[in-house]
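Peer 1: What follows is a structure written as structure tokens; I'll ask about it next.
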Amino acid sequence: MPLDPVIQHVACALLAIVFASAAWHKLRDLLAFELALDAYALLPSPLVRPFAWTLPLLESLAAVTLVLTPTRTAGGVLAIALLALVTGAVVVNLLRGRTDVGCGCGGIEDEQTLSWALVARNALLALGGLAAFAPTSPRALTWLDHVSVAGGALALFLVVALANQLIANQPRLARLRVRTA
Amino acid sequence: MAVAIAALWVVDIALAIAVFALARQIGVLYERVAPMGALMLDEGPKVGERAPSFKLDALDGSTVGIGQPSQHGELVFFVSPTCPVCKKLIPVLRSIAHAERDWLRVILASDGDEARQRAFYEKAGLADFPYVLSTELGMTFKVAKLPYAVLLDESGTVRAKGLINSREQLESLFTAKELGVESIQQYLQKA
């Protein structure tokens, strides 16, 4: 069954906002991101800096290509590839048992440490990225549809921010529980 | 119908903002009610014992003595560029260094790649503090988790130590010293 175009627009707009904000926070404080990246202990030292510069640029590119309808499919591929890459880095460190590493995701998530919740969040975002490839039913959009796209994308972005905050709260709550037990 | 849908979106977004704000406030609360007193890991030189003494070169080229009898006590604060909480505590350290400047010197300690340490040192504006790099120092005090602090008095005796996650926990080291107990946890347990 083809997807309603509004759903696709909402999913792509949401991912575009998520990527744009991630890129913005990294570019604003590149050194902090470099240090965070180094803490992942995945890249040899000389590669950390070039990668720290490249990632936010690719994220910005994903945001732009997702918004523009003609490049949407390419944007979807890039978005899912980026999510897979960063989630892979998180998973490797989780499997190593390193949960006290800062996420380095930037912004509100700055206080997040690595956890499986991050992996789940990224998986859900990637699911949204799949909407970029789905066939859509051809129908003309009315002004109300545009309101729904804007409203839906904004509301979902707030939900993502909420999820991030709750993930960041988790280790603090865990610390409280241990001490009072 | 159209007006109703538009109105629903407005309400929806308003609610999402409200829930997000609540979650954020809960996060702040968790941080503020974090347990009083630094968690002490029972390893390394014990409270009341003389600390092994060190003479180390700081990043700014000066020589720093740790654990040697002198005019002032020392707060050795173990940090790392990769520890998110450390960065948050720098302003707290600054205010403590200022408030206790009559008798205390705050020394930052870390180890590892010097180029990266220097980048962190400059970026975080740590020039006010002596910053030493020594793996041996961390090993001697058995620092396993960061940020970790050790408070030494004028004679080089360990007066308090522990894992520090907040201003309150850092201050608890000084309270422990004043009360003459090993840690605030121990004090609370006795009470």
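Peer 1: Excluding B:Pro69 itself, what net charge comes from residues whose Cβ is under 13 Å from its Cβ, given Lys and Arg +1 and Asp and Glu -1?
Peer 2: Working: positive: B:Arg50; negative: B:Glu74, B:Asp153, B:Glu154.
Result for the local shell: -2.
Peer 1: Ranked from the most accessible area to the least, with a 1.4 Å probe and all protein chains present, what is the order of A:Val147, A:Val6?
Peer 2: In descending accessible area the options line up as A:Val147, A:Val6.
Peer 1: Classify the stretch A:108-150: rounded, prolate or oblate, from the alpha-carbon gyration tensor (a ≥ b ≥ c, eigenvalue square roots; a/c under 1.5 rounded; otherwise prolate if a/b is larger than b/c)?
Peer 2: oblate
Peer 1: Moving to a separate point now. Using a Gaussian network model of chain A whose springs link C-alpha atoms within less than 10 Å, name the residue from A:Arg98, A:Arg121, A:Arg139 with the highest mean-square fluctuation.
Peer 2: Most flexible of the set in this elastic network: A:Arg139.
Peer 1: Using a loss threshold of 50 Å², tell me which positions in the stretch A:1-42 are less accessible in the complex than in their chain alone. Probe radius 1.4 Å, ligands and nucleic acids ignored.
Peer 2: The answer is A:Leu31, A:Leu35 - residues whose exposure falls by at least 50 Å² when every protein chain is included.
Peer 1: What accessible area per residue, rounded to a whole number of Å², is obtained for the protein assembly as shown using a probe radius of 1.4 Å?
Peer 2: 49 Å²
Peer 1: Note down the net charge around A:Leu37, summing +1 for each Lys or Arg and -1 for each Asp or Glu among other residues with Cβ under 10 Å from its Cβ. Spell out each step's value before the answer.
Peer 2: Details: positive: A:Lys26, A:Arg49; negative: A:Glu34, A:Asp38.
Once positives and negatives cancel, what remains is 0.
Peer 1: At 7 Å along Cα-to-Cβ for each site, give me the label-to-label distance between A:Val92 and B:Ile26 in nm.
Peer 2: 3.4 nm
Peer 1: Something else about it: Can you give me the % of accessible surface on the stretch B:47-191 that is carbon or sulfur? Probe 1.4 Å, all protein chains present, nothing else counted. Mind dumping the intermediate values first?
Peer 2: Working: 3200 of 6570 Å².
The computed percentage sits at 49.
Peer 1: Rounded if a/c is under 1.5, else prolate if a/b beats b/c, else oblate: with a ≥ b ≥ c from the C-alpha gyration tensor eigenvalues square-rooted, which is the stretch B:31-179?
Peer 2: rounded
Peer 1: I'd like the Karplus ³J(HN,Hα) series for the stretch B:125-142: coefficients 6.51, -1.76, 1.60, θ = phi - 60°, whole numbers in Hz, and an x wherever there's a Gly or Pro.
Peer 2: Karplus-based 3J(HN,Hα) across the stretch B:125-142 equals x, 9, 4, 5, 10, x, 10, 10, 10, 7, 5, 4, 4, x, 5, 4, 8, 6 Hz.
Peer 1: For chain A, what is the mean residue ellipticity at 222 nm derived from helices alone (per DSSP H run of n ≥ 4: -39500 (n - 2.57); sum divided by total residues; nearest 500 deg cm²/dmol)?
Peer 2: Value at 222 nm, helices only: -26000 deg cm²/dmol.
Peer 1: Give the carbon-plus-sulfur fraction of the accessible surface of chain A in %, rounded to a whole number; probe 1.4 Å, heavy atoms of protein chains only.
Peer 2: Ligands and nucleic acids excluded, carbon and sulfur give 74 percent.
Peer 1: Counting helices only, and only those DSSP H runs with n ≥ 4, report the 222 nm mean residue ellipticity of chain B as the sum of -39,500 (n - 2.57) divided by its residues, in deg cm²/dmol to the nearest 500.
Peer 2: -14000 deg cm²/dmol
Peer 1: With a cut-off of 8 Å between alpha carbons and a minimum separation of six or more residues, what is the relative contact order of chain B in percent? Before the final figure, lay out the partial values.
Peer 2: Details: 305 pairs, mean separation 57.4, N = 191.
Dividing the mean separation by the residue count of chain B yields 30 percent.
Peer 1: While we're here: What is the set of long-range amide H partners of A:Leu3 at a cut-off below 5 Å, with H atoms built 1.01 Å from backbone N?
Peer 2: A:Thr136, A:Ser137
Peer 1: By the scheme Lys and Arg +1, Asp and Glu -1, what is the net charge of all other residues having a beta-carbon under 11 Å from that of B:Lys123?
Peer 2: Net of charged neighbours comes to 0.
Peer 1: Oh, and also: For the stretch B:1-130, with the dipole built from +1 on Lys and Arg beta-carbon atoms and -1 on Asp and Glu ones, taken about the Cα centre, which of B:Val28, B:Ala109, B:Ala2 lies farthest toward the positive end?
Peer 2: Positive-most Cα among the choices belongs to B:Ala2.
Peer 1: GNM on chain B, C-alpha springs below 10 Å: top fluctuator among B:Ile26, B:Ile107, B:Ile66?
Peer 2: In the Gaussian network model the winner is B:Ile26.
Peer 1: If you don't mind, there's one more thing I want to ask. Run the dipole for the stretch B:42-177 about the Cα centre, Lys and Arg Cβ at +1, Asp and Glu Cβ at -1, nothing else charged, and hand back the magnitude in debye, nearest 20.
Peer 2: Details: 17 positive and 18 negative charges, 59 e Å.
Dipole of the stretch B:42-177, to the nearest 20 debye: 280 debye.
Peer 1: At a threshold of 8 angstrom on Cα-Cα distance, excluding pairs fewer than six apart, so keeping six or more, what relative contact order does the stretch A:87-150 reach in percent? List each step's numbers first, then the result.
Peer 2: Working: 34 pairs, mean separation 16.1, N = 64.
After rounding, I find 25 percent.
Peer 1: Over the protein assembly as shown, what number does the Rg to Rh ratio reach, with both radii from the alpha-carbon atoms and Rh per Kirkwood?
Peer 2: Reported Rg/Rh, Kirkwood definition of Rh: 1.07.
Peer 1: Then there is this: Mean separation of Cα pairs under 8 Å and 6+ residues apart, divided by the residue count of the stretch B:73-155: what relative contact order is that in percent?
Peer 2: Numbers: 107 pairs, mean separation 41.1, N = 83.
Contact order relative to length: 49 percent.
Peer 1: Any idea of the total accessible area buried by the B-A contact, 1.4 Å probe, rounded to 100 Å²?
Peer 2: Using a 1.4 Å probe on protein heavy atoms, the buried area is about 2800 Å².
Peer 1: Name the shape class, rounded, prolate or oblate, that the alpha-carbon gyration tensor gives for the stretch A:36-181, where a ≥ b ≥ c are the square roots of its eigenvalues, rounded holds for a/c under 1.5, and otherwise prolate holds if a/b is larger than b/c and oblate otherwise.
Peer 2: Oblate.
Peer 1: If you build a Gaussian network model of chain A, linking Cα atoms that sit under 10 Å apart, which residue out of A:Thr69, A:Thr142, A:Thr113 swings the most?
Peer 2: A:Thr142
Peer 1: Which value, in Å to one decimal place, does the Kirkwood hydrodynamic radius take for the stretch B:39-81 when every pair of different Cα atoms is included?
Peer 2: In the stretch B:39-81 this quantity evaluates to 12.5 Å.
Peer 1: How do B:His98, A:His25 rank by accessible surface area computed with a 1.4 Å probe, from largest to smallest? Could the numbers behind the result be given before it?
Peer 2: Numbers: B:His98 115, A:His25 50 Å².
My answer, sorted largest first, is B:His98, A:His25.
Peer 1: Follow-up. Quick one: helix B:114-123 against the long Cα principal axis of chain B, what's the angle to the nearest 10°, folded into 0 to 90?
Peer 2: 60 degrees
The values are calculated or read from the model by the stated rules, or taken from the named source; none is laboratory data. All values derive from a computational prediction rather than experimental measurement. When we count neighbours, we look across all protein chains shown, and the Cβ atoms used for this are built from the backbone with ideal geometry, even at glycine. Side chains are part of the model used for accessible areas, which takes the heavy atoms of the whole protein and leaves out ligands, DNA and RNA. Shrake-Rupley method; radii C 1.70, N 1.55, O 1.52, S 1.80 Å.
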